[in-house]
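Just so it is clear, none of the values below were taken in a lab; they were calculated from the coordinates. Small disclaimer: the values here were computed from a predicted structure and weren't measured. Glycine also receives a Cβ, built like all others from the backbone with ideal geometry; neighbour counts cover every protein chain displayed.
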Amino acid sequence: MTARLTPEIVRHLAACAEAGALGLAALQPEAARAASARGQDLGTRRVDRNVETVDLTLDLPGRALAARLYRPPAPAGVLPALVWYHGGGFVLCDLDSADQICSDLAVRTDALVVSIGYRLAPEHPWPAAHQDAVDSVDWLVRHAGDLSLDAGRIAVAGDSAGATLAAAAAVASASRELGLVAQVLFYPVVSASMDSASYWHFAAGFGLERDEMEWFLGHYGVLGGAGAVGFDRVLATPDASMPPMFLVSCECDVLRDEGEGYAALAADAGVEVVAARYLGMPHGFVQMTAVTPQADAALDAASRFLRDVFARGR
């Protein structure tokens, strides 16, 4: 059966094309960032969640990162935390672009959400974002008392490139003995090889296109060159030390096969894995809450998973 986008997604992508929010590979990074923001404005439902937000500065070795903390309206006291890394191919987006989804997740999970403003390429190529992802978790553990955050119940999550960074932080947490309790990965970038069947089936006309992935990975510095492809730079092969995983994939996404393959490898290694493919959906759909009910369905499913692991604790 041939995979097809749902009608509401087709209409949304047409609106994005009319607004100049597609075809990013033809643009310079700053222009692409502006175009991406226009597309997100068309797709995300804006709702006031009555969530308290506090802007933070993470002082890390040799640099400072902006971050934003979201505290749900209830309950009070020391809460579990979800560390969120926004998507954007390591090049696009920022704390503001992730604002609505972080607010939503704080309410859905009754947890603190901390959104990380990691460094972007091409200004900061590989491994800058990966280092920021790992070091930001360290910082939060050290400052847990100041933030009323339970250091024994921290999970990581993200979408697209942000899911990659969440997975990298999950891998690193074991060696640093940080004891993360979960990782939630919405359609991660797993490899720079770009050789899966889904890369060819959905190369053009489904939102995220193959030439855009070449553009993203090239700007981040993991496309081409000695040792630049496969698991060694983008993500390590999963092993049993990783925390439980919730992975969302999209039927009509160039990244579908590598994400599902990553979840299968993790399960084979003994990691607790819940994986769900959303039919008729393109890359990026969880941000399309104004477009498709499947966005809310995926966020609800991920939030139930997180509430469960937070209740279990470390």
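Miscellaneous remarks
- When peptides 214-221, 155-162, 137-144 are ranked by their average number of other Cβ atoms within 10 Å per residue, the highest-first order is 155-162, 214-221, 137-144.
- The chain - share of DSSP beta bridges that are antiparallel (%, nearest 5): 35 percent
- Contact order for the chain, expressed relative to its length and based on alpha carbon pairs under 8 Å spaced 6+ residues apart, stands at 19 percent.
- Neighbour counts of C-beta atoms inside 10 Å place Phe202, Phe310 in the sequence Phe310, Phe202, starting with the fewest.
- Residues in the range 16-31 carry Karplus couplings, in order, of 5, 5, 5, 7, x, 9, 10, x, 5, 5, 8, 10, 6, x, 5, 5 Hz; the curve used is 6.51 cos²θ - 1.76 cosθ + 1.60 with θ = phi - 60°, and Gly or Pro positions show x.
- Of the residues Thr292, Thr53, Thr6, the one with the fewest other Cβ atoms within 10 Å heads the list, and the complete ranking is Thr53, Thr6, Thr292.
- Burial ranking of peptide ranges 123-129, 65-71, 28-34 (average Cβ count within 10 Å, highest at the top): 65-71, 123-129, 28-34
- Annotation for His201 and Ala3: the two label points, set 7 Å from Cα along the Cα-Cβ direction, are 0.5 nm apart.
- Helix-only mean residue ellipticity at 222 nm for the chain, each DSSP H run of n ≥ 4 adding -39500 (n - 2.57), per residue, nearest 500: -12000 deg cm²/dmol
- For the range 192-295, the relative contact order works out to 28 percent when only alpha carbon pairs closer than 8 Å and six or more residues apart are counted.
- For the range 141-154, 3J(HN,Hα) computed residue by residue from phi via the Karplus equation (6.51, -1.76, 1.60; θ = phi - 60°) reads 4, 5, 10, 4, x, 5, 9, 6, 10, 7, 5, x, 9, 10 Hz, glycine and proline entered as x.
- Identified option (computed mean projected area of the Cα convex hull in nm²; candidates (i) 19.8; (ii) 14.8; (iii) 15.7): (ii)
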